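The values are calculated or read from the model by the stated rules, or taken from the named source; none is laboratory data. Just so it is clear, the model here is predicted, and its values are computed rather than measured. A quick note on method: Cβ atoms are made from the backbone with ideal geometry, for glycine too, and the neighbour counts reach across all protein chains shown.
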Amino acid sequence: MTQSPRQSNPFRPGFNQAPGVLAGRDEVLAAVGEALDVAALDARTPTPLVLVGSRGVGKTVLLGAVAELAAERHAWLTIAVEVRPDLGFVPQLIDRLQAGRELLDAAPSGRFTLDSLTARLGISGTGIEGELRRERPAGPHVDLLLERTLVDVCEFAVQRGTGIVITVDEAHLAGRAGLGELAATLQQHVAENWPLVVVLAGLPSLRDPGRAITYLERAEWHEIGLLDPADTALALVGPAEDAGRPMTDEALDILVAASGGYPFAVQLLGHHAWRASTGGSTIDADSARAAVPAADRALSDGLYAQRWADASGREREYLQATARVMLDDGSASGSQVAAALGATTPEVSYLRQRLLKKGTLVAVGRDLRFPVPGMAAWIRDET
Ligand SMILES: Nc1ncnc2c1ncn2[C@@H]1O[C@H](COP(=O)(O)OP(=O)(O)OP(=O)(O)O)[C@@H](O)[C@H]1O
Ligand SMILES: [Mg+2]
């Protein structure tokens, strides 16, 4: 059967784009389901869940799946916060909570169906629509305001016979003080058994010792990593088949191997193999082979170039030195990078800090790493 050329591509290469098949995440979704049930059926507040993983492994789409689960299973509202470096975490959280309170108030039953949520919140993206940026007083009043707002929303949810989920994406940008305030507020009210599930997601730097606030230490941590070959195959086969152009076994083997199980690469490869097979009735080995260089290019553009564009002139020098040391010596510590720049460690530590904060670099013990594989070589070759 020849396919119509207008058939749409079922793969979703792009940040925050929900994949056709969310493969390999059953365990973490089961843990989220359990937390929801503890809150909704046992009337206890479960400990927060923290999802950590590198760029492009699928943290944001998982948070979208959490919101869907909450809506489907208990008709609960999800209040989604995506931390932005230029806005304080706590004021953003307060704004979202207030917006959530308004939504709860507006819903006739306080209950949300998946459809109404999707329409109102765009849950496969990152949350409540519309920009809410009110001016707030800074300083010691802010945490009081957070507490008051959270108490208000939770008590209101109880009154309406419902509950809420709070998701915090890019939580590594929240800073120690902001996360500490949220943690302390939750801790203080744990005995009240709020119908509340909190799920944070961020880069592995969230684990840095400087941030290990007690409450988060006690949270349930989940590592979000690469997909194994079987799950990678599910993520490729499902969308292709559903869209009416199945993959041959040989094509599948090529794409699974080329992806290394990296979810973003899985979508890119699927996308380009789909394109290359336009007009055909299957995605065959030739289309899969054609997809590999195209996906590689897009991967570099999407992951490396974006990070590079994000860096200032001095930061770029720091990144280049890090890449050089890393490729020459196999690892790079802050002092080695400083030496390569002809500077003392304290002189360039602000650059290290800034790059760590943005997630362009991560610290593993004393070593600096790039959170996306291949970036060191890309910097050496392309800049
Ligand atoms: N379990 C999965 N199965 C298949 N594809 C996935 C899966 N998880 C994520 N993807 C795909 O990977 C890409 C990245 O997903 P997402 O934006 O959620 O990553 P992320 O971890 O939030 O990245 P970042 O840290 O940069 O925000 C998307 O194209 C998405 O469709
Ligand atoms: Mg994300």
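Data table
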item	result
Residues of segment 19-40 classified as part of a loop (DSSP other than H, G, I, E, B) and under 15 Å from Ile224 (Cβ atoms), total	5
Test: residue in segment 245-262 that is within 16 Å of ligand 2 (Cβ to nearest atom), under 30 Å from Glu382 (Cβ atoms) and surrounded by 18 or more Cβ atoms within 10 Å (Cβ to Cβ)	yes
Of residues in segment 22-39 being more than 16 Å from ligand 2 (Cβ to nearest atom) and crowded, with 19+ Cβ neighbours inside 10 Å, the one farthest from Ala291 (Cα to Cα)	Ala39
Odd one out for Thr360, checked against (1) surrounded by fewer than 20 Cβ atoms within 10 Å (Cβ to Cβ); (2) touching a residue at least 12 places away in the same chain (Cβ under 8 Å)	(1)
Residue count, segment 191-201 (criterion: within 19 Å of Ile79 (Cα to Cα) and either of a type in the set (Gly, Ala, Ser) or not in a loop (DSSP other than H, G, I, E, B) (or both))	6
Close pairs (6 angstrom Cβ cut-off, 6 or more residues apart or separate chains): within 18 Å of Val81 (Cα to Cα) and modelled with pLDDT under 90 in segment 195-208, part of a strand (DSSP E or B) and within 13 Å of ligand 2 (Cβ to nearest atom) anywhere	Leu206/Val52
Subset of segment 261-304 [in contact (Cβ under 8 Å) with a residue 40 or more places away in the chain and more than 23 Å from Ser8 (Cβ to Cβ)]	Tyr262, Ser300, Leu303, Tyr304
Residues of segment 234-253 satisfying the condition of being closer than 30 Å to Pro204 by Cβ and out of contact with any strand residue (DSSP E or B) (no Cβ under 9 Å at 6 or more places or on another chain)	Leu234, Ala235, Gly238, Pro239
Out of Asp115, Asp86, Asp42, sole residue that is away from ligand 2 (no atom under 16 Å from the Cβ), closer than 30 Å to Val362 by Cα and either at pLDDT below 95 or hydrophobic (A, V, I, L, M, F, W, C) (or both)	Asp86
Inter-residue pairs, beta-carbon under 8 Å, first without any contact (Cβ under 8 Å) to a residue 60 or more places away in the chain and in segment 218-229, second not basic (Lys, Arg), 6+ apart	Pro229/Val256; Pro229/Gly261
Test: residue in segment 216-234 that is modelled with pLDDT under 95, closer than 30 Å to Trp76 by Cβ, in the same structural domain as Gly56 (by TED's automatic domain parsing) and assigned to a helix (DSSP H, G or I)	yes
Residue satisfying condition, being without any contact (Cβ under 8 Å) to a residue 40 or more places away in the chain and either more than 16 Å from ligand 1 (Cβ to nearest atom) or assigned by TED's automatic domain parsing to the domain that holds Glu34 (or both), within set Ala157, Ala171, Ala191, Ala184	Ala191
Number of positions in segment 308-325 that are surrounded by 17 or more Cβ atoms within 10 Å (Cβ to Cβ) and at pLDDT below 95	2
Hits in segment 10-63 (condition: over 30 Å from Val158 (Cβ atoms) and either more than 12 Å from ligand 1 (Cβ to nearest atom) or acidic (Asp, Glu) (or both))	Asp26, Glu27
Residues satisfying the stated conditions in segment 321-355, i.e. assigned to a helix (DSSP H, G or I), touching an Asp or Glu at 6+ places or on another chain (Cβ under 8 Å) and within 24 Å of Gln306 (Cα to Cα)	Leu351, Arg354, Leu355
